[in-house]
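Below is one structure, written out as structure tokens; the observations come after it.
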Amino acid sequence: MSRIIGRTVEYFSLDLCKSLIQLDTIHAPICGLILYMNRHTKIAITVAPFLAIGGFIASGYYVDAQNKKERFLKLEPQGECKIEQGDCELSNGKFRLNLAQKSGITHLATTHPIDNAVISLVQANNQEKLYKLEQNKTRLNWQVKTDLSSKSKVRLLITISKTSYLAELDIN
């Protein structure tokens, strides 16, 4: 097979050079290089563009496969978290959210639209109660009625497509 490709490239380049020399074009010196290349170099120059295009397509499939995997990221508090005073900001990269408790209702405001939000209130004896937050008009503001008075920890789970953001906060 490589012999056929090599011969084809050789004959094509030889014919091309003969016609360029007859036309007396500026490309005639390049023909000298082509005529003195060995067969393997000619094949490599011919096949290289196809390999580059194939690699570009394959890398696109690889990146798509990586984006479809489920990821878990930790939300870090920015400073001290005081949920009752409405001063609890959490972030991971460009994603930020604010968690606040007002009149027995826990509010969650985010910078990006989220798909789901769940808050868990953990008591001192490790009993846990889950609350699914409900969205307001947009997917940026969420709320649920909770009681933070006797709880020792708040756990938060936020999902955006295949990425989950987790946080655990002490409220004592």
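Computed from the coordinates by the stated procedures, all read-outs in this text should not be read as laboratory data. None of these values were measured; they are calculated from a predicted model. Methodologically, a virtual Cβ is constructed for each residue, glycine included, from the backbone with ideal geometry; neighbour enumeration extends over all protein chains shown.
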Exercise. Quick one: residue 112 ticks every box in (1) of a type outside the set (Lys, Arg); (2) part of a strand (DSSP E or B); (3) surrounded by fewer than 18 Cβ atoms within 10 Å (Cβ to Cβ) except a single one, so which number is it?
Key: (2)
Quiz item: Of these, 119, 105, 57, 83, which one is under 26 Å from the mean Cα position of the chain (by Cα) and within 19 Å of residue 134 (Cα to Cα)?
Solution: 119
Exercise. Please go through region 60-80 and pick out each residue that is assigned to a loop (DSSP other than H, G, I, E, B) and either exposed (fewer than 10 other Cβ atoms within 10 Å of the Cβ) or within 13 Å of the chain's Cα centre (by Cα) (or both).
Key: 68, 69, 70, 79, 80
